[in-house]
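What follows is a set of notes on a single structure, which appears directly below.
The values are calculated or read from the model by the stated rules, or taken from the named source; none is laboratory data. Given the structure is predicted, the values throughout are model-derived calculations rather than measurements. Using ideal geometry, Cβ is built from the backbone for each residue, glycine included, and neighbour counts are taken over all protein chains shown. Calculation scope for accessible area: heavy atoms of the full protein, side chains included, ligands and nucleic acids excluded. Shrake-Rupley method; radii C 1.70, N 1.55, O 1.52, S 1.80 Å.
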Amino acid sequence: MTSAAHYLNASEAAQRLGISQKALRLYEQRGLVSPVRTAAGWRTYGPAEMARAAEIAALRALGLSLAQVARVLKGDPQGLAPALAAHQKRLEEEIRELSVRVETVRDLRAGLADGHPPKMQELARLVRPAAEIVAAFDLPWPWGGERFELRDIKPLNYIIGPLGSGKTRLAMAIAENLPGALFVGLDRAADDAAAARARMEADAALKAQVERALGWLVEDGAMLSPGLTALLAALEAGPGEIPVIDMIEQGLDQATQEAVIAHLRRRGSGARPVFMLTRSSAILDLAAVGPDEAIILCPANHNPPSRVMPYPGAPGYETVATCLAPPDVRARTEGVIAWRPQVA
């Protein structure tokens, strides 16, 4: 019998694998991995279970859906070819970006050798992402017009705050001031997502992308709905567009929300930015936030919005946590609007 010392609990296993405990539970629910139960009923993961979970995590990182992962683990390679092609494309894009930065360093060194030291701005750009986007604007009401600077934009950006904190106004201001940004409101699924369907019919490439993403998400447990179609039409839009999505969880059940956020995370570090207003713990799982994600908090007291680091004890972390709720709770409070009397 294998020593109990070689077995890890769910938290230790998830940390070792670099995934969330929620992802580990999802693997179990889909029958992809079967943890060993202790006499008290606790899940434990031994060498065999950890090896299988690592295989699943690797296939997921390549962009495979859970259904495709199951087929590959059973010996059917279907789905590997497009996943490997997409992974190759991402790597080639990273190589191109690195080549540009290497060339920049070479030019700076040549200038330095000729007696022309680089400017500090040039040195600072070396350690920033090659495609960094910056927006600066005066904050709208309910703030006092303070200057707000949006720097180091990540592929996934969450905007969160309690009711009445101004997060929707901040999102609209970002959409107005960030080049290429487009605000996607709550009316996106109106009339059976008619506007989104019209865009898809007019754009064959967009339609194909949305249908491909829908197939992937359904395999991952998502439920087809006008809300999901409209959301994907916004997310899969042209490469120059940056969607700013009002309440991304609107109209989506828990399984669909979990599939959507997994789909967004799989895009990788070089992906086009997305801004998401949310109060759903399925979308913003604080335990799963990675280096390619940023949390922007709009405080209830109308202090300027600020970035919050995703770990307990960080300034603003507890406030963010209290703003989040499971999808069933969010569904019950959907459409609730904070109201305060006007002072004469």
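Out of 169, 125, 147, which single residue is at pLDDT below 85 and under 30 Å from residue 243 (Cβ atoms)?
Answer to the selection: 125.
Within region 248-280, being at pLDDT 90 or above, under 20 Å from residue 311 (Cα atoms) and of a type outside the set (A, V, I, L, M) holds for 278, 279, 280. Any idea how many residues of region 167-183 are in contact with a Leu (Cβ under 7 Å, 6 or more places away or on another chain) and open to solvent by 40 Å² or more (accessible area, probe 1.4 Å)? Residues in region 167-183 being in contact with a Leu (Cβ under 7 Å, 6 or more places away or on another chain) and open to solvent by 40 Å² or more (accessible area, probe 1.4 Å): 1 in total.
When 245, 295, 283 are checked against the criterion of being modelled with pLDDT of 90 or more and either acidic (Asp, Glu) or in contact with an Asp or Glu (Cβ under 9 Å, 6 or more places away or on another chain) (or both), a single residue qualifies: 283. Scanning region 268-300 for residues that are open to solvent by less than 20 Å² (accessible area, probe 1.4 Å) and farther than 28 Å from residue 179 by Cβ yields 280, 282.
Out of region 308-320, which residues are out of contact with any Asp or Glu (no Cβ under 9 Å at 6 or more places or on another chain) and either open to solvent by 60 Å² or more (accessible area, probe 1.4 Å) or free of Cβ contacts under 8 Å to residues at least 40 places away in the same chain (or both)? If the condition is that a residue be out of contact with any Asp or Glu (no Cβ under 9 Å at 6 or more places or on another chain) and either open to solvent by 60 Å² or more (accessible area, probe 1.4 Å) or free of Cβ contacts under 8 Å to residues at least 40 places away in the same chain (or both), then 308, 309, 311, 313, 314, 315, 316, 317, 318, 319 are the ones that fit. Taking the listed residues 193, 208, 189, the one that is over 19 Å from the mean Cα position of the chain (by Cα), modelled with pLDDT under 90 and either more than 30 Å from residue 318 (Cα to Cα) or surrounded by fewer than 17 Cβ atoms within 10 Å (Cβ to Cβ) (or both) is 208, with no other qualifying. Of 107, 138, all but one fail to be farther than 30 Å from residue 255 by Cβ, touching a Gly at 6+ places or on another chain (Cβ under 8 Å), of a type outside the set (Gly, Ala, Ser) and open to solvent by 40 Å² or more (accessible area, probe 1.4 Å); the exception is 138.
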